[in-house]
1. Given the condition open to solvent by less than 20 Å² (accessible area, probe 1.4 Å), closer than 26 Å to Asp106 by Cα and out of contact with any Ser or Thr (no Cβ under 8 Å at 6 or more places or on another chain), answer yes or no: does some residue in the stretch 301-308 qualify?
2. I'm trying to understand the selection: among the residues of the stretch 120-146, which are surrounded by fewer than 24 Cβ atoms within 10 Å (Cβ to Cβ), over 13 Å from Leu300 (Cβ atoms) and among the aliphatic types (A, V, I, L, M)?
3. Tell me, yes or no, whether the stretch 332-346 has at least one residue that is at pLDDT 95 or above and within 30 Å of Gly134 (Cβ to Cβ).
4. When Lys38 is evaluated against the numbered criteria (1) at pLDDT 95 or above; (2) among the charged types (D, E, K, R); (3) loosely packed, with under 15 Cβ neighbours inside 10 Å, which criterion, by number, is the only one it fails?
5. Counting only residues that are closer than 18 Å to Tyr328 by Cβ, give me the helices (runs of 4 or more DSSP H) lying completely in the stretch 31-127 with at least 3 of them.
6. When you go through Asp180, Asp137, Asp174 one by one, which is the residue that is under 26 Å from Ile273 (Cα atoms) and in contact (Cβ under 8 Å) with a residue 60 or more places away in the chain?
7. Please find, among Thr277, Thr281, the residue that is assigned to a loop (DSSP other than H, G, I, E, B) and modelled with pLDDT of 95 or more.
8. Please go through the stretch 335-369 and give me each residue that is touching a strand residue (DSSP E or B) at 6+ places or on another chain (Cβ under 8 Å) and buried (at least 18 other Cβ atoms within 10 Å of the Cβ), ordered by number.
Amino acid sequence: MTAAALISGCSSSSKKSSSGSSKSGSSSSAAGGSSSGKKQVGVILPDTTSSTRYTEFDAPLLTKAFTAAGIGSDIQNAGGDKTKFTSIAQNMISEGVKVLLIDSIDAPSGAAVESAAKTAGVKVIDYDRVNLGGSADYYVSFDNEKIGELQGQSLLNCLTQYKVKTPAKVIQMDGGTDVDNNAVLFKQGVEKVLKASPKVKIEADSVVKGWTVSNAAPAFTQALAANGGKVDAVYAANDDIANAVIGVLKSKGLAGKVPVTGQDSGVEGLDNILRGTQCATIYKSYAQEAAAASKLAIALVKGQDPTQAGVTLVDFKDPKGNRTLKAYLLPAQIVTKANVKIVVDAKQVTASDLCKGLTAQCKAAGISG
């Protein structure tokens, strides 16, 4: 289906549904966007299930930044529904936003929205995930291939920490490479490190399609069985997948004996690290990402050159679209039990949430719950 068909095919009833609850395309006032005045920036977040970050961090942080700059914003969540994502975009474009900041559910639907926005003269920023084959001029995210490299290095560090005999038999649990270019970049980065190391032998490479966490435990169980029930370490693309893997390992008496790595540094992943069932994760500052995206969006609304507004951009190649975007790529950091405190200090998790039932472990990590 063409971009025009996707946009024009949204019915008036779907427009109405886009102003429902916060779990399914909430209105700006419910989601934290500016509730009055002309909306100059439209923000569409993908879902409330792949990560809690969108409701807990992105929406309020972006709202705060736009409000402080006197920029009217409409911030909504598509609730994992691509039709709703398109409907929200249609409404925002028709209401005259100057900039769309979109974290798409998948690249095809994101690219279709971008095409319609371009036709209407609306500037688009790909947020967190790039839409390959799209037409956005800007991209704000983390250096996702570098994150994969950090994940690979964290696994090698864990092999040393756990004194695993090498070459270690590793099961690789990739995220949604079928829907998300970030997942592709994570995979490229981690394999760059692991495949170059004599310490590792990748016994199985499984994909948790669509980042659907309910698929993770069955996929890992199948990979483990195919390897005769033997595994020395597990690379998990994020902490949700890692937690599912840990559940399977626990059922086999292996939790805490097999190093598992992840990504995101949420409460669940950090709890597993403090418990000793997960070895490492990756910390990405959502506050820094939201600040970078809002700064870029505000500059575009004001008609400023992003570089003159203090936004440092680099080239990012889109091989599918045979084009180059201007990207704002942020760094990340390995987190282990030794430095869990940095995530608390950054206020990305609270000590009270993290330390429930883990008072002794938090105290040992220098965290006062």
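The values are calculated or read from the model by the stated rules, or taken from the named source; none is laboratory data. Fair warning: this is a prediction, and the values are worked out from it, not measured in the lab. Reconstructed Cβ throughout: ideal geometry from the backbone, glycine too, with neighbour counts over all protein chains shown. All accessible areas refer to the heavy atoms of the entire protein, side chains included, with ligands and DNA or RNA removed. Shrake-Rupley method; radii C 1.70, N 1.55, O 1.52, S 1.80 Å.
1. yes
2. Ala120, Leu132, listed by residue number.
3. Yes, the stretch 332-346 contains a residue that is at pLDDT 95 or above and within 30 Å of Gly134 (Cβ to Cβ).
4. (1)
5. Details: elements: 59-68, 82-94, 107-119.
Ranges flagged: 59-68.
6. Details: Asp180 fails: under 26 Å from Ile273 (Cα atoms); Asp137 fails: under 26 Å from Ile273 (Cα atoms).
The conditions single out Asp174.
7. Values: Thr281 fails: assigned to a loop (DSSP other than H, G, I, E, B).
Unique residue meeting the criteria: Thr277.
8. Across the stretch 335-369, the qualifying residues are Val335, Val343, Gln348.
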